[in-house]
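Take a look at the structure set out below.
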Amino acid sequence: MTTSGSPISAADVAKVARLARLDIDNAHIEHFTEQLGKVMAHFADIDALNLDGVTPMTQPYPLVNVMRDDVEMPTLDTDEVLAAAPAAEERRFRVPPIIGIEG
Amino acid sequence: MSSIPTTASEIAAAIAAKEITAREVIDAHLARINARESDIHAFNKVMADEARAHADAIDADIAAGRPVGPLAGVPIALKDNMCTRGVETTCSSKILEGWKPPYDATVVTKLREAGAIVVGKTNLDEFAMGSSTENSAFGPTRNPLDIERVPGGSSGGSAAAVAAGFAPVSLGSDTGGSIRQPAAMCGVVGVKPTYGRVSRYGLVAYASSLDQIGPFATTVADAALITEAIAGHDVHDSTSIPQDVPSFVEAAGQGVKGMRIGRVTDLPEGAEPEVTARLNAAFAALEAAGAEIVDVQLPSLSYALTAYYLIAPAEASSNLARFDGVRFGLRVNAPDTNAMYGATRAAGFGDEVQRRIMLGTYALSAGYYDAYYGKALKVRRLIADDFNRAYEKVDVILTPTSPVVAFKFGEKVDDPMSMYLCDIYTIPTNLAGHPGMSVPFGTGAHGLPVGIQVLAPALGEVPMFRVGGALEAAAGGAQ
Amino acid sequence: MSDSTLSSVVATEDQLLEGGWELVVGLEVHVELATKTKLFSGSPNRFGDEPNVNIDPVTLGLPGALPVLNKHAVELAMRIGAALNCTIQECIFHRKNYFYPDQPKAYQISQYDLPLNADGYLDLPSGTRIGIERAHMEEDTGKSTHVGGSTGRIHGSDYSLMDFNRAGVPLVEIVSRPDIRTSEHAKEYVAELRAILEVIGASDAKMEEGSMRVDANVSVHKLGTPFGTRCEIKNVNSIRALGRAIDYEARRQIDVIDSGGVIRQETRHWDDAEGRTHTLRTKEDADDYRYFPEPDLVTLSPSAEWIQSVRDNLPPLPAARRAMLKELTGYDTQSEAIIVAVERGQHEYVKAIADAGGDAVKALIYVTQAFAEAGANPAVPAKDIAALTILERDGKLSATQAKQVLADIVANGGGDAAAIAAAKGFEAMDTSAIEAMVDEAIAADPDAWAKYCAGEEKAAGAIVGKIMKASKGKADGKVVNAIMQARRG
Ligand SMILES: [Mg+2]
Ligand SMILES: [Zn+2]
């Protein structure tokens, strides 16, 4: 596993861009690689910390069991919502052919 | 028309007493906007017609003797990342340009019920990512105190709107300092309540475990008034705290006699000397007002920036995945859905947003989770523990809000690290989930305002407002 | 999820495939919970509505929307955990990040390393115990319709249309351990699981409507060697298809290995019409879902009291119901009649007939034969059926007559069996009358009688048929048989 001190490679950045669905051209990949590398290098400071036995903090305030009753609430107006969509047809949201996607 | 009061509480009182009309108040503020907005660019959208209509309706209610809310007729500006039904909500991003939400954020509903009048949607760093409001897709906001300089960010538009007198109060959102830092740079009061004190429902998420809505105001009492109005449990937000809201307005006037104020002896360095001088003056003023100054240590604070810039982008990378060109917002056409995603998101998001999405995606990706995100969550715990230990000894902690006063455009925008360092004093509180506020306390370099930050433990808004009120009184007395 | 270390089940000799191959199957079953509203919002959870009507900001993943957990969905998920003998535990939700147009937020709220239900088991009616690794909560996706192209399938379509009515519907994903060794066991597992889900009211569990969806992880290996590489089979829409798909896939994998090839880990699509699986996608570009704790939700920590009350209020499960009928009738739990009665939930009705003094075996037979459409609680008073069983048992009515009376009672929602029989002119014939009829029938068809006497049992049918016709169904078949046996000597 890479530690947070090591720089990010252009290949890493390209892979991340693919995962994040951002079409970034090669020139930008280099630019991002340099900038992210600097940022990640700065973040190497936490490598020095001994974090054994520390419980990760995922919530700032410790609430538990927040639930709602199984009761219907108002729904949105289909026409209003579809009017805001980039493309719609037959009361549905239209998208280009789905190819080359995991699923 | 009698003269228009400057604070929200005075405006509400004068309207309720029929000394002025809501319409007069709105017209006066719209006139100010007309006069200076082209220089400042505080707003993405000024809602002049809606505001006038709302004011007329309130005036009609008052004339007819119907009950009106406690903020009836008070103009308020909203950061443009809070959903307003039927009114564009853009997050200053091309990807959401023109999007009209089909629902209102809970804070918007609460403000409307209280009678406040929304005058417009204010500019921000795209998706609240930034510290200068230079990252807006629709152009930067200028600091009303010096239009060569940034207003801070990301809620720069909301800070500038209050500083310029476009509205007596406004709402911003604070993920790593985005209310407090621009408040400091624009010379106004800014409050980030306890995480969970104010509903996030309808706030377009940047980093869900850090985001919190809060007010800007010209006085601590007004900030307390608006915090009270928007605080409280919301069934639409699972992280909203089911706790009663005490009177913050009262707290703001109670003084600090007998309070213990923490001075952090191991505060990360980097503040301008004038800023440090104002902090020392603040301690002196509070001591003079009857508080005791107590030294505390926060040894993990220096790691806060790292933890923040792993956690916030990680959450953001997931939160911003829904901007995919399918259901709303921008779509760039392409032959297949996957290509459409990539083209839409590359065209719709600005550089800083893309940078943080990439950073966050990387921090969460296979093989790196433990090294980055997992570690950051542990550091977050250490920081919260540090604070909680300190709050066993003190009621509040005082630090500078920003290490620097408002800087010039372009100074930091191409150097992400130096921009990130602007939030070094504000970020730790977001990580802990605690409240914090910035109170103007004199001036620093170039005669620009300096903000002092008051930090308090979770749900510690009462002691926070007490100290904020005392600082305001001392600052006023000193000038 | 299959992992060789997670199964200690070894196939018996007769379960091995030809050539000494052992089949290893683990099943992932998604079931939609029978709630009124969605998992994280108040939109209706309803099948078959117009597109995009059951939508709200949360369902559509609109900017600013936040999830709030449906308590009843948790309750139903806990019931599933309890019925599958799981540990029900404190848990959290995670985000599973991936882009797909039917996934509104581009992440699915699911559970990851801390599921609500863990480590249980399901006993197949035939006796094998199948381990349950986990049964976790998650939200469903929307539905895509692929338009254009020739097939209406995703490949070759011109564009797709998205309906988000199903998005956010509560699901429980039940992941078995790879303990299944035959396709029969896989089918039995799904049938039993479906019966359990229906009985506890967690889901209507309809594979045809998609409220129960089964994915099968299939691999083959030789005994004593490590597990083979598995393929995940999707799009299995019936229990029968599941058996066919597993058998096909096992054969395919064995053929690949036998001809020197290697199995790649991949997801395959079952085509029921063609009777084969196709590659859907390979897993070479490993899924990177970037799971992390969902910050918009808080910890779910069901109290000990809540868990106990769920366990206490669980109705008797199918296995217990079958055992009860076995006790009552002496039939095997695997018998068709018991399985059918339990599947229909009519076990209590059978018991009620017996409790009303009826003959339990006849009650079970009547119920399975005449109450297919009656649901779990037939409207006919149990005592009416009880009376009829006694008339038949005591020889007052022949089986054929009893059947006619039963039809009458069912059609009228009840009735006095004796009175109906009398009105129809039914009375049991005395033996001497039947004997005369037997002799007549033998005389009318001496060929059949000769064959019957030569040991051809089937030949009896022609003679019995004649007797029944002559007696208008009044002759008791058992009596007829006995007389014929005696005549044959
Ligand atoms: Mg699965
Ligand atoms: Zn699943």
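The numbers here are math on the coordinates, done by the rules we state, and not lab data. Computed from a predicted structure; not experimentally measured. Note that each Cβ is placed from the backbone with ideal geometry, even for glycine, and that neighbours are counted across all protein chains shown.
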Report whether or not C:Ala77 is part of a helix (DSSP H, G or I), within 14 Å of another protein chain (Cβ to nearest Cβ), closer than 20 Å to A:Asp69 by Cβ and under 23 Å from the mean Cα position of the chain (by Cα). yes
Do any strands (runs of 3 or more DSSP E) lying entirely in the stretch C:117-162 carry at least 1 residues that are free of Cβ contacts under 8 Å to residues at least 24 places away in the same chain, and which ones are they? C:143-147
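Residue-wise test of (1) more than 26 Å from B:Val150 (Cβ to Cβ); (2) out of contact with any Phe, Trp or Tyr (no Cβ under 7 Å at 6 or more places or on another chain); (3) of a type in the set (Ser, Thr, Tyr).
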| position | (1), (2), (3) |
| --- | --- |
| B:His54 | yes, yes, no |
| B:Ala57 | yes, yes, no |
| B:Leu71 | yes, yes, no |
| B:Met82 | no, yes, no |
| B:Ala128 | no, no, no |
State whether the residues of the stretch C:2-22 include one that is touching a residue at least 24 places away in the same chain (Cβ under 8 Å), more than 10 Å from chain A (Cβ to nearest Cβ) and within 16 Å of ligand 2 (Cβ to nearest atom). yes
Restricting attention to the stretch C:153-172, does a residue exist that is within 12 Å of chain A (Cβ to nearest Cβ), out of contact with any helix residue (DSSP H, G or I) (no Cβ under 9 Å at 6 or more places or on another chain), over 18 Å from C:Val74 (Cα atoms) and within 16 Å of ligand 1 (Cβ to nearest atom)? no
Residue selected from the stretch C:219-238 under the condition of a type in the set (Val, Ile, Thr) and crowded, with 18+ Cβ neighbours inside 10 Å, by the criterion farthest from C:Val9 (Cα to Cα): C:Val236
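Yes/no matrix, rows are residues, columns are (1) within 11 Å of chain B (Cβ to nearest Cβ); (2) more than 16 Å from ligand 2 (Cβ to nearest atom); (3) buried (at least 19 other Cβ atoms within 10 Å of the Cβ):
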| site | (1), (2), (3) |
| --- | --- |
| C:Gly61 | yes, yes, yes |
| C:Ala82 | no, yes, yes |
| C:Cys86 | no, yes, yes |
| C:Phe99 | yes, yes, yes |
| C:Arg129 | no, yes, no |
Would you mention how many residues in the stretch A:7-61 are without any contact (Cβ under 8 Å) to a residue 24 or more places away in the chain, assigned to a loop (DSSP other than H, G, I, E, B) and farther than 25 Å from B:Ser208 by Cα? 7
Checking C:Glu50 against (1) buried (at least 23 other Cβ atoms within 10 Å of the Cβ); (2) away from ligand 2 (no atom under 16 Å from the Cβ): exactly one of these is not met. Which one? (1)
Extreme residue, farthest from B:Glu126 (Cα to Cα), among residues of the stretch C:80-115 that are part of a strand (DSSP E or B) and either more than 16 Å from ligand 1 (Cβ to nearest atom) or hydroxyl-bearing (Ser, Thr, Tyr) (or both): C:Thr87
If you take the residues of the stretch C:135-181 that are among the aliphatic types (A, V, I, L, M) and within 16 Å of ligand 2 (Cβ to nearest atom), which of them is surrounded by the fewest Cβ atoms within 10 Å (Cβ to Cβ)? C:Val175
Checking C:Ala250, C:Ala216, C:Ala195 in turn, the sole residue that is buried (at least 20 other Cβ atoms within 10 Å of the Cβ), touching a residue at least 60 places away in the same chain (Cβ under 8 Å), over 30 Å from B:Ala316 (Cβ atoms) and within 16 Å of ligand 2 (Cβ to nearest atom) turns out to be C:Ala216
Within the stretch B:100-117, the residues that are farther than 21 Å from C:Ile55 by Cα and surrounded by fewer than 24 Cβ atoms within 10 Å (Cβ to Cβ) are B:Lys110, B:Arg112, B:Glu113, B:Ala114
